[in-house]
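Each remark here refers to the structure printed beneath this line.
Any read-out appearing in this document is the output of simple, stated calculations on the displayed coordinates, not a laboratory observation. Model, not experiment: these values are computed from the prediction. Methodologically, a virtual Cβ is constructed for each residue, glycine included, from the backbone with ideal geometry; neighbour enumeration extends over all protein chains shown.
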Amino acid sequence: MKLEFRTLFISDVHLGCMGSRASELATFLKHVRCERLYLVGDILDLWALRQRWRWPLSHNQVVRRILKFAKRGTHVVYVPGNHDDALRQYAGLDVGGVRVATRAVHRLADGRSLLITHGDEFDLVVRHSRLTAALGGWAYDRLVLINRWINAARGFVGMGPLSFSRAVKLRVKGACTFMADFESLLLADAAERGHDGVICGHIHNAVLRETSRDGHPLLYANCGDWIEKPTALVEHADGRLELLDVEALLREHALEPAGSDLEPIVSEVEC
């Protein structure tokens, strides 16, 4: 089975982080064909790798899949985020067919122009307190792991999964206010630059919606993440955007796993 799209957008994979669901992404990418691929930040988690080097073979497979897209002629653009911000110094370079850019502009098939940015520059915590942001990321990673253990136990007794962090976001007024402000700031920036909307990541909250500003229609899209609930944003041939629940898609179509058909870049290692 091949999934055909005009454009694929993914963000917040966090390769190198113990919570990354890289094997599912490698499987998904194996069955995708697209003209353009945008990596919307935090694909690599350099923060986590600096603390402890952890690089399973499934993370290799994701990197090799991306490079294979570029080799086959897909236009691949990497827009770094805060966890892979060291790559921003290479903006403008082409690495193995992957173009690095601080931000990008994508024109949909229907003519709309969209700004592509990770979005961390609109997060005041990240901008002004890197230590606080790093501690928050560490706590989030542990919460996700605990959540997975509990969901495994729930599945064993026939109960459905729960997402602790999503529940926290929905119940904490400050978090909801932050997400609303984040969206508003991004849309304002895109509108000021003359675009019809924005595609971002960063806050791990998959959203696709139409809104407006000063009577001008705007589109806000967040790619989600590959930590809690694997999601991807895709553009179809007619310019229509759709958020994919990749976890459900893999389960529904029983897609063949990525397997070992790609040579690893480095051997699996954990230090």
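Quick notes on this structure:
- Ranking of Leu233, Leu250 by neighbouring Cβ atoms within 10 Å, starting from the fewest: Leu250, Leu233.
- Protection-proxy order for peptides 101-109, 3-11, 205-213, 81-89, each taking the mean of Cβ atoms within 10 Å per residue, highest first: 3-11, 81-89, 101-109, 205-213
- Inter-label distance for Leu208 and Lys71, nm, one decimal - labels placed 7 Å from Cα along Cα-to-Cβ: 3.0
- Sparsely packed chymotrypsin sites (Phe, Trp or Tyr not before Pro) within segment 53-123, loop by DSSP, other Cβ within 10 Å at most 16: Trp53
- Per-residue Cβ neighbour counts within 10 Å put Lys2, Lys30, Lys71 in the sequence Lys2, Lys71, Lys30, beginning with the fewest.
- Gyration tensor (alpha-carbon) shape descriptor, segment 51-129, a/c threshold 1.5: oblate
- Shown for His14, His204: other C-beta atoms within 10 Å of each C-beta, ranked fewest to most, produce the order His204, His14.
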